[in-house]
Amino acid sequence: MTAAGVSVEPEALALPADFEDYLRHARVQQRLSPRTLTLYTDGLARLQALLLDGALELRTLSLAQARRLAAQLHREGLAPKSIALLLSIWRSAYRWLGRQGRVAVNPFDGLRAPKAPKPLPKALGVDDAVQLASHVEAAPADALAELQDRAVVELLYGAGLRAAELIGLDAQASTSAAGWVDLQAGEVHVLGKGGKRRSTPLGRAAAQAVQAWLEVRDQRAAPGEVALFVGARGHRLAASVMRQRLAARAVAAGSPAHVHPHMLRHSFASHLLQSSGDLRAVQELLGHAHITTTQVYTQLDHQHLARIYDAAHPRAKK
């Protein structure tokens, strides 16, 4: 920052009396923690540096000027969350100054930071996903749990089920069942978000894994239990237990990242799109209400193509 041609760092600035008074109020009345008070002090010092840099007046700062200050933060490369924090501090300070009659308007009211881009869903590579789905424990401590785990992985990756959809499956179709596997038809029927039902094809590997589990399920399930997948006590498998067992299985299979159920759903969608390019079909299989939700996987597909290009094309190599 510069003021009168001199480089000024925010932490080196003496805060104006208006900001000092607000900080005293915040410390006493709002009982801010020392850490939070330091954040507020640094944030107001940052604003003071910007005001000096732009030859702007604290008490007459306009909405247009405040917008330019926020835009400057963005140009400086601050993350949206950091900008949002600064704007919140500045908004609070000006709100107090307004109650004290020191400013006529709060120029930061209604001013919002730019939205942070949504992180892309994490998906396994095709080889890694297939290796996980194909993994078989050589000498499992619990043979029944091993068969169930294999069926769980196959349904998550092979049918793109959500965790809640998977643990909601019953062993047999009924009018009260939230979902079930129809081995004869080669389909999985689930109750998805918003109470919407959908059916998705069941691949051969998944069908074989489910069939193998069904043949021994009664040895583990408690009497009268209708759930397809069950825990150690024989009742419907808990989502937390399923996540723990999947993560442990992924480690045993040599997966390169921490694997959770939704990562296999992302992998299902990404790999389908890479092979078919049919976004609408992937939308139907995932049960997305809007195509825009599914479009995020096109970005994963583009990343996949970019990696292939960078690795294979002679003019792409550095």
Just for the range 260-288: of the residues that are under 15 Å from L161 (Cα atoms) and part of a loop (DSSP other than H, G, I, E, B), which one is nearest to the chain's Cα centre (by Cα)?
H260
Look through L144, L111 and report the one residue that is on the phi < 0 side of the Ramachandran plot and under 30 Å from the mean Cα position of the chain (by Cα).
L111
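This table checks each residue for (1) touching a Leu at 6+ places or on another chain (Cβ under 9 Å); (2) under 15 Å from N106 (Cβ atoms); (3) modelled with pLDDT of 95 or more.
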site	(1), (2), (3)
T2	yes, no, no
V6	no, no, no
R24	no, no, no
T36	no, no, no
L39	yes, no, no
L44	yes, yes, yes
Check the range 99-111 and report whether any residue there is small (G, A, S) and in a helix (DSSP H, G or I).
no
Over 15 Å from A151 (Cβ atoms), out of contact with any Leu (no Cβ under 6 Å at 6 or more places or on another chain) and hydrophobic (A, V, I, L, M, F, W, C): does that describe A177?
yes
List, please: which pairs have Cβ atoms under 8 Å, are six or more places apart or on different chains, and start with a residue in the range 67-95 that is touching a residue at least 12 places away in the same chain (Cβ under 8 Å) and surrounded by 15 or more Cβ atoms within 10 Å (Cβ to Cβ) and end with one that is among the aromatic types (F, W, Y) and not in a helix (DSSP H, G or I)?
L87/F108; W90/F108; R91/F108; Y94/F108
Any chance the range 153-171 includes a residue that's open to solvent by 40 Å² or more (accessible area, probe 1.4 Å) and basic (K, R)?
no
Looking at the range 120-145, I want the residues that are outside any helix (DSSP H, G or I) and have a partner that is polar (S, T, N, Q) and open to solvent by less than 60 Å² (accessible area, probe 1.4 Å) with Cβ atoms under 7 Å, at least 6 apart or on another chain. Which pairs are those?
A123/S267; A123/S270; L124/S255; L124/S267
Out of the range 224-267, which residues are in contact with a Phe, Trp or Tyr (Cβ under 9 Å, 6 or more places away or on another chain) and open to solvent by 20 Å² or more (accessible area, probe 1.4 Å)?
R236, H266
Find all pairs meeting these conditions: Cβ atoms under 9 angstrom apart; at least six residues apart or on different chains; first residue within the range 219-244 and at positive phi; second residue open to solvent by 60 Å² or more (accessible area, probe 1.4 Å).
G234/P223
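The values are calculated or read from the model by the stated rules, or taken from the named source; none is laboratory data. Given the structure is predicted, the values throughout are model-derived calculations rather than measurements. Quick reminder, even Gly has a Cβ in these numbers, built from the backbone with ideal geometry, and neighbours come from all protein chains shown. The accessibility values were calculated without ligands, DNA or RNA, using every heavy atom of the protein model including side chains. Shrake-Rupley method; radii C 1.70, N 1.55, O 1.52, S 1.80 Å.
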